[in-house]
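Shown below is the structure under consideration.
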Amino acid sequence: MTWMGIAQMGAFAGVLLLVTKPMGAYMARVFQGERTLLDPVMRPVESAIYRTCGVDPKREMQWTTYTAAMLIFSAVCVLLLYLILRLQSIHPWNAAHAPPMEPHLAFNTAVSFVTNTNWQAYAGERSASYFTQMAGLTWQSFVSAGTGMALAIAFTRALCRQSVAEIGNFWVDLTRACLWVLLPLSAVLALVLVSQGVIQNLSQYVTASTLEGGSQVIAQGPVASQEAIKMLGTNGGGFFNANSAHPYENPTPLTNFLEALAILVIPAGLTYTFGRLVGNQKQGWALLTAMMVLFVTGLGCIYSSEQNGNPVLGRIGVNQAASLAQSGGHMEGKEVRFGISGSALFATATTGASCGAVNSSFDSYTPLGGGIAILNIVLGEIIFGGVGSGLLGMLVFAILAVFIAGLMVGRTPEYLGKKIEPREVKLAMLAILLLAGCILGVSAVSSVTRLGLAGRFNMGPHGFTEILYAAASAAGNNGSAFAGLNANAPYYHTTLGLAMLFGRFLFIVPVMAVAGSLVMKKRVPASSGTFPTTGGLFAGLLVGVILILGALTFFPALTLGPLLEHLLIHTGKLF
Amino acid sequence: MVHNPVMFVVEAGCAVASYYAVVEAAGGGPRAGFLAALSAWLWFTVLFANFAEAMAEGRGKAQADTLRKMKSETLASVMVGGSLRQVAASQLRRGDIVIVSAGEVIPGDGEVIEGIAAVDESAITGESAPVIRESGGDRSAVTGGTRVLSDRITVQIRADPGQSFLDRMISLVEGASRQKTPNEIALDILLAGLTIIFILVVISLECFAVYAGAPVPIPVLIALLVCLIPTTIGGLLSAIGIAGMDRLVQHNVLAMSGRAVEAAGDVNTLLLDKTGTITLGNRQAAEFLPVNGFSERDVADAAQLASLSDETPEGRSIVVLAKGFGFRDRHLGPDAVFTEFTAQTRMSGVDTGGHAIRKGSADAVISWVRQQGGSLPDQLRPTVESVSTRGGTPLVVARDRTVVGVIHLKDVVKGGIRERFDQLRAMGITTIMITGDNPLTAATIAREAGVDDFLAEATPEDKMQLIRQEQSQGKLVAMTGDGTNDAPALAQADVGLAMNTGTMAAKEAGNMVDLDSNPTKLIEIVEIGKQLLMTRGALTTFSIANDVAKYFAIIPAMFASAFPVLDKLNIMHLHSPESAVLSAVIFNALIIVALIPLALRGVRYRPLGAASLLRRNLLAYGVGGIVAPFVGLKLIDLALAATGLVK
């Protein structure tokens, strides 16, 4: 470990904490419809949208209507994106001369971008026209993130209101999330990225002559505009196949730092928004603390594991120590301009936050480093988590933690004054069960069937890890690939496509039903006898419940994958 | 056993494991011994879980038997169309009218509609002193199975066969009529959900193992499954509920449902009647305060005369206090006309020797004096107020048109009650004192007793209003009551504790009955409710936390031969794979037995705030739940290895 690396990670955590409050306070104003600086610009746009779409912004919805609106919107989005992908031959701005996508792949991609997963079984610079990238994928990056934020806000409302059935208006929440939060932030970030060298054009691909005398086609495109929302919306769908490892997407250590930060800004800010909305800031800080503890722990594990290097290389006398002359550590699959710490930081943020953008290849990570990346995902994408969906997942865990341990204070469990009763437990368990079942199911089937095994690049536990990662990434709506696994085949297009759908919507629907049930309950006023859901003790409990539930579910899989590989590597066996 | 999904899965697993054991034994396989032991211990898990429930139920059985004896072969004299007929008590229906004479057993629950009698209720309450039951008023309810000692009463039966108090008590202590409470149902769902997750984990594990080229034998998979699913809490859950009810019965409290006990743990606000709960039963006359130039002795004289006909405890205490001034054995002339104390007039007195003497509540007597055309001395108001501000009740004494003085009636706050309220406050429970006193008096006693709030000059409607108001804020309210006019409030409250001495209406409206008729017991009931919930939470947490160690035992054991490197995970250094699996299963079974006493006794309750309770219990049952099985497993493994029972 190096001081520079630690300083970079420390600065990252510090800046993240600094922006949480202003970000969260701003979003609280936005979703409560209060005045903000952007009103003069956005209000007219907003009302124009409502007028065009026939939305009555004053009419609030019950959870059923709210969820149905979200589902219908998503279904229409899948269909539209599918059509765009299938009709690429007639697109304007098709510098890649990309043909229409195959039906399986188009389905997979459409589902992937609508579910905020952004799993990419295609290579952007070869298979997508500029029109697809802008009108299809970038548009989805905005609205899928906006959808997540809307859901989180609606759930929060369910906790602060009482004895009513309405949880807000989906169209209003979605529109405000996009117009007030995602658009302006993306615009700023895109400009900063351009200043650092990220490209933004509609040019034809450039052919360059290499030093060796060969020729190389250099892809172009409107990168910065997609790159910004890719991070801010925890989408992760890269313009290029190499994603954030590509110099046009992520050219400098500064952009690397900012992009990793952009992943977490909104999810972290939403915890503060949550506290503001429920009327007790400490409630939000407790959730943030739990996220931060898991984040820092994961980061520390990945960083130290990568910096320690490959034991097999160590045994044959390769010097992997950090020094003035070299970064040291396990550099395979990592960009030299980011180094170990920049890569570990990015990896932790992207896996914990369900983003899926990558600046290094997890397939090349040490088994433990890669294992932590999987763990971050299978814990439920709640280490900050996706925009909105992370808070949603964290609240489900908070409800379960309160239910499991809450009885120990001698009262029936309640969260924020809302009694947790059979209906909530049933739905919360259902959500967790479906998510875990999805990951375990897809990886179990893929690890014993011919079609599943066909995609492996490596044998043994490493090959298994590739399969496990793909299943987790799809169902967890992360979208990053471990790499190695060739998922560009009908079997994986279909199974992973379904896993993305199930992982998103079979989780969201029961969780929104919990919201529908909670909003109708009275809020029992807090007293000294109330189970405290603030402070370090609760944050610790929350972390404990997440780790124990996650570990109990995935310990066997992680043992036979990354852990076994790690132990075997020390005996000199590689895969 | 389908009502308990966790134990159902264990039973199904046992059956499958046994099948493999039999096949292996029949074929003379090398693992026959191991598989037999494994199946046996899996069956023990089922046995122990059933044992826990049986034990909890067994405790109530003995109690139920004595109660049942009381019921049998009582004959009742029923009025049918003006004539009496002998009918078996079990045949009585609601509305029947029976005559019970001295020495007879009251055949069923009902209300005295005529007569007065001394009744021995020791069979129900354990209290040996007989109680008076009479028609009208708040002492009219009688319970089936109790014995009339004197006189003869006419009773209207209020319960149909099988619905009586005794019947309910029997079914309750036996756990027969036990329904799952909402919280138990929610816990069941959580446990069922975890069970399904672990079934998925085990099935997918087998797929992963096949991938790795090291398939796991089915019985070992079953062992892992049984160890992972929350058998501890699954096996003990109903025992905890039964034991909670049993603790209430031991406190002589009868709850109509388990839901009421849970609600007691959740209570935010306690409404406590001042008299009998916060203060010692009755007020006592403490001093005589003369006005208008009269002497203390004059006041004592007039007060005693006015109180001779006042049979209330307060009236009697005035007579007693006046005896200290030498007024004893008074004989009034035959012309004496007594005015008895009633709730409406709120004064008592006597007209004798041409004088009219009255004593009673200040405003009642003052308006009486005014009616007589008398005037009030300036001194009176300050004297009355000084008594009130000191927490006393002022009674005014007047002779004809003149006010003679003021009697200071004093409330005596029960010893130790202040500390109880402090504890309740720490637990986040607000106490509200209900009293008919004026606000000034109420405030003083409230301060002295340390209650959080009070409701003065309370009428039953005020009480009802207060309950509604608290409930509209989402709070749960508990109260006690005994009178018929308490019934609506008792029904409205989340926990309504009716006194056994109260009217039938009150008992039917409440969801708990205190056989000792001790209103202070409400506090204990809250504690029992909390203890019940805490025990459930503690064992759930413990059960889930246990799984961590079991993974570290079984996973390395499963793959020991295929991947010897995984022995690094065998951090307990268990003797062998077989020993590891067996130890985990044995621990899993034994921990149920080990925790039965805790489930029945309940987690120790401390009156602390939620934060410190959580810290303590999380440390004991959460962290303890992670650590304990590491130790336990290792010890069992050592024992197995030492006795050579495993390879």
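Using alpha carbons only, how many angstrom separate the centre of segment A:320-379 from the centre of segment B:572-622?
39
If you don't mind, there's one more thing I want to ask. Where both partners of a DSSP beta bridge lie in the protein assembly as shown, what percent of those bridges are antiparallel, to the nearest 5?
80
Computing the accessible area with a 1.4 Å probe over protein heavy atoms, can you report the carbon and sulfur percentage for chain B?
Within chain B, the accessible surface is 56 percent carbon and sulfur.
If you take every residue apart from residue A:189 with its C-beta less than 12 Å away from the C-beta of residue A:189, what net charge results, scoring Lys and Arg +1 and Asp and Glu -1?
Neighbour charge sum, excluding residue A:189 itself: -1.
While we're on this one: Could you tell me the accessible area of residue B:120 in Å² (1.4 Å probe, neighbours in place), rounded to the nearest ten?
Rounded to the nearest 10, the figure is 40 Å².
Per residue of B:186-196, how many C-beta atoms from partner chains lie within 10 Å of its own C-beta, taken as a mean?
Neighbouring Cβ atoms belonging to other protein chains average 6 per residue here.
Counting only protein chains, not ligands or nucleic acids, how are B:530, A:58 ordered by accessible area (probe 1.4 Å), most first?
A:58, B:530
Ignoring ligands, DNA and RNA and using a 1.4 Å probe, state the total buried accessible area between A and B in Å², rounded to the nearest 100.
Buried surface at the A/B interface: approximately 5100 Å².
With charges only on Cβ, +1 for K and R and -1 for D and E, what is the dipole size of the protein assembly as shown about its Cα centre, in debye, rounded to 20?
It comes to approximately 1360 debye.
Would you check the accessible area of residue B:342, probe 1.4 Å, heavy atoms only, in square angstrom rounded to 10?
The accessible area comes out at roughly 50 Å².
Quote the accessible area belonging to residue B:168 in square angstrom, nearest 10, computed with a 1.4 Å probe and with ligands, DNA and RNA left uncounted.
Accessible surface of residue B:168 is approximately 90 Å².
I've got another one for you. Would you please give the FRET efficiency between residue B:623 and residue A:165, computed as 1/(1 + (r/R0)^6) with r the Cβ-Cβ distance and R0 = 60 Å, to the nearest 0.05?
After rounding, the FRET efficiency stands at 0.90.
Given the alpha-carbon gyration tensor of segment A:389-571, what are the semi-axes of its equivalent ellipsoid in whole angstrom, ordered largest first, with each equal to the square root of 5 times an eigenvalue?
37, 19, 11
In nanometres, what is the gap between the two model label sites at residue B:351 and residue B:80, each 7 Å from Cα along Cα-to-Cβ?
5.3
Within segment B:261-313, report the GluC sites (Glu not before Pro) that DSSP leaves as loop and that have at most 16 other Cβ atoms within 10 Å.
Sparse-neighbourhood loop GluC sites (Glu not before Pro): B:311.
Take every residue in peptide A:450-463, count the Cβ atoms of other chains within 10 Å of its Cβ, and give the average of those counts.
For this peptide, the per-residue mean of nearby foreign Cβ atoms is 1.
Same structure, new question: What's the magnitude of the charge dipole for chain A around its Cα centre, counting Lys and Arg as +1 and Asp and Glu as -1 at the beta-carbon? Answer in Debye, nearest 20.
My answer is approximately 1420 debye.
Okay, helix-only estimate at 222 nm for chain A: each DSSP H run of n ≥ 4 adds -39500 (n - 2.57), divide by all residues, round to 500 deg cm²/dmol; what do you get?
For chain A, the value works out to -19500 deg cm²/dmol.
Related question: In segment A:444-526, which chymotrypsin sites (Phe, Trp or Tyr not before Pro) fall in coil by DSSP and have 16 or fewer other Cβ atoms within 10 Å?
A:457
Turning to a different aspect of this structure: Set the bar at 20 Å for Cα to Cα. Now go through A:418/B:521; A:426/B:550; B:568/B:634 and name every pair that lies beyond it.
Those over the limit are A:418/B:521; A:426/B:550.
Quick check on chain B: of the DSSP beta bridges with both residues there, what percent are antiparallel, nearest 5%?
Around 75 percent of the beta bridges assigned by DSSP in chain B are antiparallel ones.
Of all the C-alpha pairs in segment B:332-408, what % are more than 22 Å from each other?
23
Are there residues in segment B:471-489 whose accessible area shrinks by at least 40 Å² when all protein chains are included rather than the chain by itself, and which are they (probe 1.4 Å, ligands and nucleic acids not counted)?
Output list: B:474.
What stretch of chain A, leaving out the sites themselves, is the longest with no GluC sites (Glu not before Pro) in a DSSP loop having at most 13 other Cβ atoms within 10 Å?
Of all site-free stretches, the longest is A:213-575.
Write down the Å³ per residue value for the convex hull defined by the alpha carbon atoms of chain A.
Per-residue hull volume (Cα only) is 150 Å³.
Ok, one more. Per-residue ellipticity at 222 nm for chain B, helices alone: DSSP H runs ≥ 4 residues times -39500 (n - 2.57), over residue total, nearest 500 deg cm²/dmol?
Computed ellipticity for chain B at 222 nm equals -16500 deg cm²/dmol.
Here's another thing I want to ask about it. Ignoring ligands, DNA and RNA, please state the percent of accessible area on segment A:389-571 from carbon and sulfur, probe 1.4 Å.
Roughly 72 percent, rounded to a whole number.
Place a label point 7 angstrom from the Cα of residue B:214 along the Cα-to-Cβ direction, then list the residues of segment A:542-575 whose backbone nitrogen is under 17 Å away.
A:555-575
What whole-number distance in Å separates the alpha-carbon centres of segment B:623-637 and segment B:1-59?
Segment B:623-637 and segment B:1-59 have Cα centres separated by 22 Å.
Right, another one. How well do other chains shield peptide B:605-616, expressed as the mean number of their Cβ atoms within 10 Å of each residue Cβ?
5
Gap in Å between the Cα centre of segment A:133-202 and the Cα centre of segment B:181-201?
Measuring centre to centre over Cα atoms gives 36 Å.
Find the accessible area per residue for segment A:389-571; the probe is 1.4 Å, ligands and nucleic acids are left out, and the unit is Å².
Spelled out: the 1.4 Å probe surface of segment A:389-571, per residue, equals 25 Å².
What size of dipole, in debye to the nearest 20, comes out for segment A:389-571 about its Cα centre when the only charges are +1 on Lys and Arg C-beta atoms and -1 on Asp and Glu C-beta atoms?
600
Then there is this: With the dipole of segment B:254-309 worked out from charges on the C-beta (+1 for Lys and Arg, -1 for Asp and Glu) around the Cα centre, which of B:293, B:255, B:279 lies farthest toward the positive end?
The residue sitting farthest along the positive end of the dipole is B:255.
Return the Cα extents of the protein assembly as shown along principal axes one, two and three, sorted largest first, each rounded to a whole Å.
The Cα atoms of the protein assembly as shown stretch 140, 86, 61 Å along their principal axes.
Excluding residue A:399 itself, calculate the net charge of residues whose Cβ lies under 13 Å from the Cβ of residue A:399, where each Lys or Arg counts +1 and each Asp or Glu counts -1.
+2
Net charge around residue B:383, counting only other residues with Cβ within less than 12 Å of its Cβ (Lys, Arg = +1; Asp, Glu = -1)?
Taking every Cβ under 12 Å from that of residue B:383, the sum is -1.
Rg and Dmax of chain B, using alpha carbons, in Å: what are they?
Cα-based Rg and Dmax for chain B come out at 33.7, 115 Å.
Placing +1 on the Cβ of each Lys and Arg and -1 on the Cβ of each Asp and Glu in chain B, which of B:37, B:344, B:117 has its Cα farthest towards the positive end of the resulting dipole?
B:37
Taking +1 at the Cβ of each Lys and Arg and -1 at the Cβ of each Asp and Glu, which of A:537, A:506, A:415 sits farthest along the dipole of segment A:389-571 towards its positive end, judged by Cα position relative to the Cα centre?
A:415
If each of residue B:390 and residue B:114 carries a label point 7 Å out from its Cα toward its Cβ, how far apart are those two points in nm?
For the pair residue B:390/residue B:114, the computed spacing is 5.1 nm.
A follow-up question, please. What distance in nm separates the simple spin-label points at residue A:191 and residue B:363, each placed 7 Å from Cα in the Cβ direction?
It works out to 7.5 nm between the two label points.
The values are calculated or read from the model by the stated rules, or taken from the named source; none is laboratory data. Because the structure is predicted, anything quoted here is derived from the model rather than measured. All Cβ positions, even for glycine, are placed from backbone atoms using ideal geometry, and neighbour counts span all protein chains on display. Surface areas here come from the heavy atoms of the whole protein model, side chains and all, with no ligands, DNA or RNA. Shrake-Rupley method; radii C 1.70, N 1.55, O 1.52, S 1.80 Å.
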